Amino acid sequence: MLATGALVVYRPASGILLMILIIIVTTILKGLGSLTYYITMARHMVGGKLQLYKGIILLDIGMFFMSLDNVPIFYLVLYLLAANLISGVIEILGAREARQMEAGSWKLKMAIGAADVLFGLASIFCIGRPNILVYIYAAGLIYSAVLRIASAFRRTAIVYIQ
């Protein structure tokens, strides 16, 4: 994510195309992986249908982005920013739930969600300027990457079941 964000800042036109290609490939592979997991194991588990729905949705999103080959880059960036806005709202809702359960990670989740929403709202105000949209998305990508790295090194409690 850091490398892609830096590439988008350095070369906005080719960086966005590379980023969209990465998103297409990863969402299709994640969707196929989730469907494979459902077919092999999750269908026998409690709540396993969630893997089926997740796989279908991810595969559908990947195919949707793959079908946008004749659409101007500006609209692709808007799709990506809308997805960023939606993921921020979902992250905030998850942080609220974590706070109600008194989990310690709700503050970081809330910060990530709020930043995603702010990047999405900033992009709405810059719709007429595609260059600024590209830089906003790159800044959001770099910010998200840094927070994911920080979250990976965060201490977590390990629960042992006796």
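The values are calculated or read from the model by the stated rules, or taken from the named source; none is laboratory data. What you see is a predicted model; the values in this text were computed from it and never measured. Here Cβ is always computed from backbone atoms with ideal geometry, including for glycine, and neighbour counts include all displayed protein chains.
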| said: Looking only at segment 130-141, filter to residues that are surrounded by fewer than 18 Cβ atoms within 10 Å (Cβ to Cβ) and modelled with pLDDT of 75 or more; which one of those is farthest from LEU76 (Cα to Cα)? | reply: ALA139
| said: Against the definition (assigned to a helix (DSSP H, G or I), modelled with pLDDT of 85 or more, among the hydrophobic types (A, V, I, L, M, F, W, C) and out of contact with any strand residue (DSSP E or B) (no Cβ under 9 Å at 6 or more places or on another chain)), how does LEU50 come out, yes or no? | reply: yes
| message | So ILE127 ticks every box in (1) aliphatic (A, V, I, L, M); (2) farther than 17 Å from PHE74 by Cα; (3) not in a helix (DSSP H, G or I) but one. Which box is left unticked? | response | (2)
| So, of the residues in segment 17-62 that are touching a residue at least 40 places away in the same chain (Cβ under 8 Å) and within 15 Å of the chain's Cα centre (by Cα), which turns out to be surrounded by the most Cβ atoms within 10 Å (Cβ to Cβ)? | MET19
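Does segment 108-127 hold any residues that are surrounded by 20 or more Cβ atoms within 10 Å (Cβ to Cβ) and not small (Gly, Ala, Ser), and which are they?
First pass over segment 108-127, keeping only residues surrounded by 20 or more Cβ atoms within 10 Å (Cβ to Cβ): 109, 112-113, 116, 119-120, 123.
Across segment 108-127, the qualifying residues are LYS109, ILE112, ASP116, PHE119.
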| query | Out of segment 77-103, which residues are in contact (Cβ under 8 Å) with a residue 24 or more places away in the chain and of a type outside the set (Val, Ile, Thr)? | reply | LEU78, LEU80, LEU81, ALA82, ASN84, LEU85, SER87, GLY88, GLU91
| query | Can you find even one residue in segment 73-95 that is in contact with a helix residue (DSSP H, G or I) (Cβ under 7 Å, 6 or more places away or on another chain) and outside any helix (DSSP H, G or I)? | reply | no
